[in-house]
Amino acid sequence: MKQEGILRHAATRLLGLIPTLLVLITIAFFLIRVAPGGPFDSEKALPPEIRANLDAKYHLDEPLLQQYFRYLGQIISGDFGPSFQYKDWSVNELIAQGFPVSATLGGLAMLLAFVIGSLVGIAAALRQNSAADYSIMGVAMLGISIPNFVVAPLLILGVAVYAGWLPAGGWDWSWQRMVLPVVTLALPVIAYIARLMRGSMIEVLHSNFIRTARAKGLPERVVIRRHALKPAILPVISYMGPATAALITGSVVIERIYSIPGLGSYFVQGALNRDYTLVMGVVVFYGVVIIVLNFIVDLLYAWLNPRIRYDETQ
Amino acid sequence: MSERTTPSVEDPFAQALAAADVPGRSLWTDASHRLLKNRAAVVSGIIMAVMVLLVVFGPMLLPWEPDFTDWDHTSSPPSLETGHWFGTDAVGRDLLVRTLEGGRISLLVGLVATLVSLAIGVTYGAVAGYYGGLTDRVMMRVVDIIYALPFMFFVILLMVVFGRHILLIFVAIGAVNWLDMARIVRGQTLSLKNMEFVEAARACGVDHNAIIRRHIIPNLLGVVMVYVTLTIPQVILVESFLSFLGLGVQEPMSSWGALVNDGAQDMESAPWTLVFPAVFLTVTLYCFNYIGDGMRDALDPKDRL
């Protein structure tokens with residue numbers, strides 16, 4: 001019965017994604033089109049005939065609304081069009097090249113953050129209000145407060161330049177070049193998950209079913225692992241949606257600092273060069289990624305949480 | 001409606017109460033007691049007060065102008081002898097003055113953009129919650145939709161499209177940061193609007209706008225204050241993020257994010273140009289987060305983390 005409910009919930013949620021995507025595409029399209037300056041303005045003034053040809057080639061001479069519907073049609077068929085800036089490259093190719101890099105970074109960072117954040121949070125919760133708890137939470141607060149782009153140069157300076165243990169940047173899929181960016185990216189998420197986990201674990205440990213479990217004489221270890229862990233981890237699961245967005249955003253600046261050829265650096269480059277199609281492509285692509293991951297997290301949450309039932313429309 | 005009679009002035013109990021002048025324990029006194037007992041929040045508050053004073057008055061007291069180029073001391077390390085306590089950057093500008101000046105912009109952005117998001121969020125949330133029904137559903141659906149968008153990318157888009165004017169930074173950041181506020185305010189309004197005093201106002205014939213303005217919004221103040229304190233550091237962070245990418249404030253204006261960016265360029269030869277602005281930025285964010293946490297514990301004790 002529950003399975004059925006979740007399936008129905010999934011279907012309604014999937015339908016609900018369509019307006020979100022439409023709004024996303026629409027805002028991004030019109031925003032970048034009302035911008036002063038076009039993709040061909042940066043080079044020296046082109047002869048008018050060539051300019052006209054270029055505009056015709058990229059359909060920039062059509063009325064805006066027509067361009068919009070053309071673009072919508074293209075996107076539905078999965079084609080983001082050619083990049084204005086990187087000649088001979090389609091946006092699809094650029095995304096195909098950049099995304100694996102960014103996804104590897106983000107995935108590893110998420111894994112690291114989830115494991116370490118949860119463990120640290122549980123450790124703090126079990127020693128609530130002790131010196132250890134306070135110092136862990138103090139460090140976690142610091143982790144939330146220090147911006148990525150401050151941590152990254154400091155790590156480069158300390159670990160790469162002075163100590164010389166790891167390379168300072170670049171990308172060749174070797175673990176040595178992954179360590180620093182992944183750690184930098186994960187730090188604030190680790191800190192956030194640790195705080196979340198501590199809070200929910202403390203709350204769960206005060207609930208009646210835990211008292212019952214203890215009263216039965218179960219050893220504390222079993223109480224934590226078998227009874228407290230699952231309900232306590234639920235808030236962390238639902239945070240994974242926003243965490244994905246945070247990691248994607250963070251990767252923009254991290255990729256720039258460590259000179260990593262990921263999707264984030266393409267986005268910043270594209271934005272600075274008014275590469276309409278590239279910028280649009282990345283925004284829409286990342287929008288889809290975030291929306292889909294949120295959707296998965298939502299289902300995971302529903303599946304794990306015994307209190308959620310989808311008998312009624314909510 | 002009720003049969004209870006209000007105590008008259010002749011009531012001996014009421015007279016005794018008036019004579020004793022017992023100070024009431026309102027929500028606010030309770031909350032400020034709790035807040036003052038929170039040591040981390042109090043210390044953070046003091047540090048932030050000092051920071052604000054430094055940033056506002058510091059540049060006036062220092063002998064250097066922020067754009068003055070000291071050719072005798074370019075990229076010189078911090079020292080008391082040269083008079084550049086924080087050292088100078090690559091073109092010989094005094095880093096202490098620049099850090100304080102940058103702080104003005106960072107804090108100003110934090111404040112103004114928060115106010116923008118506050119104005120939008122409170123109005124939106126209060127209207128949705130108060131009118132309820134279809135209005136509420138449509139308005140909240142819009143919030144859900146915007147919520148799912150990669151918001152940082154939109155701020156970047158806004159900056160690229162409309163240029164990097166400081167006013168635009170306020171609006172752009174504020175305009176994308178009001179969603180949390182709207183959701184919280186709506187929830188609170190939903191529970192407030194069925195309370196007796198609102199019903200009483202409605203029965204007296206007060207119109208909807210006045211009820212929202214005079215009765216709903218003042219009662220939201222506690223929750224709103226908590227979220228204002230938590231929004232300020234977020235906004236400062238977003239601004240410095242933009243400035244770091246080179247999309248925020250423009251020279252000669254500066255902010256902590258822009259200074260960190262400059263510092264990161266020559267950190268190998270002049271690490272102090274990175275460290276000082278970074279420390280100022282981090283300390284500020286750290287303190288605001290602690291104050292926000294303290295306020296939440298004080299005003300909204302059930303939701304502590």
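In this entry, A:ALA152 passes the filter for residues that are facing chain B (nearest Cβ under 9 Å) and either touching a helix residue (DSSP H, G or I) at 6+ places or on another chain (Cβ under 8 Å) or in contact (Cβ under 8 Å) with a residue 12 or more places away in the chain (or both). Touching a residue at least 24 places away in the same chain (Cβ under 8 Å), open to solvent by 40 Å² or more (accessible area, probe 1.4 Å) and within 14 Å of chain A (Cβ to nearest Cβ), is that true of B:PHE162? No. Checked against (1) surrounded by fewer than 19 Cβ atoms within 10 Å (Cβ to Cβ); (2) more than 16 Å from the chain's Cα centre (by Cα); (3) away from chain B (no Cβ under 12 Å), A:SER238 passes all but condition (2).
Whenever a residue of region A:127-138 is outside any helix (DSSP H, G or I), its partners that are open to solvent by 40 Å² or more (accessible area, probe 1.4 Å) and not polar (S, T, N, Q), lying with C-beta atoms within less than 9 angstrom and at least six residues away or across chains, give the pairs A:ARG127/A:ILE136. Restricting attention to region A:51-94, the residues being farther than 21 Å from A:VAL23 by Cβ, crowded, with 16+ Cβ neighbours inside 10 Å and of a type in the set (A, V, I, L, M) number 3. Scanning region A:27-50 turns up one or more residues that are over 30 Å from A:TRP175 (Cβ atoms), part of a helix (DSSP H, G or I), open to solvent by less than 60 Å² (accessible area, probe 1.4 Å) and at pLDDT 80 or above.
Residue count for region B:185-210 satisfying the condition of being surrounded by fewer than 20 Cβ atoms within 10 Å (Cβ to Cβ), assigned to a helix (DSSP H, G or I) and β-branched (Val, Ile, Thr): 1.
What about A:SER265, is it hydroxyl-bearing (Ser, Thr, Tyr), in contact (Cβ under 8 Å) with a residue 40 or more places away in the chain, within 14 Å of another protein chain (Cβ to nearest Cβ) and in contact with a Lys or Arg (Cβ under 9 Å, 6 or more places away or on another chain)?
Taking the combined requirement at face value, the residue satisfies it.
For region B:142-154, the condition holds for no residue, the condition being that it is in a helix (DSSP H, G or I), modelled with pLDDT of 75 or more and away from chain A (no Cβ under 12 Å). The single condition from (1) of a type in the set (D, E, K, R); (2) open to solvent by 20 Å² or more (accessible area, probe 1.4 Å); (3) more than 14 Å from every other protein chain (Cβ to nearest Cβ) that B:ARG137 fails is (3).
In region B:79-97, the residues that are more than 19 Å from B:TRP256 (Cβ to Cβ) form Cβ pairs under 8 Å with partners that are assigned to a loop (DSSP other than H, G, I, E, B) and of a type in the set (Phe, Trp, Tyr), at six or more places apart or across chains, as follows: B:SER79/B:TRP85; B:GLY83/B:TRP64; B:GLY92/B:TRP71. A residue that is outside any helix (DSSP H, G or I) and of a type in the set (Ser, Thr, Tyr) occurs nowhere in region A:104-125.
The values are calculated or read from the model by the stated rules, or taken from the named source; none is laboratory data. Since the model is a prediction, treat every value here as computed from it, not as a measurement. A quick note on method: Cβ atoms are made from the backbone with ideal geometry, for glycine too, and the neighbour counts reach across all protein chains shown. Each accessible area value is taken on the protein alone, full model and side chains, heavy atoms only, with ligands, DNA and RNA left out. Shrake-Rupley method; radii C 1.70, N 1.55, O 1.52, S 1.80 Å.
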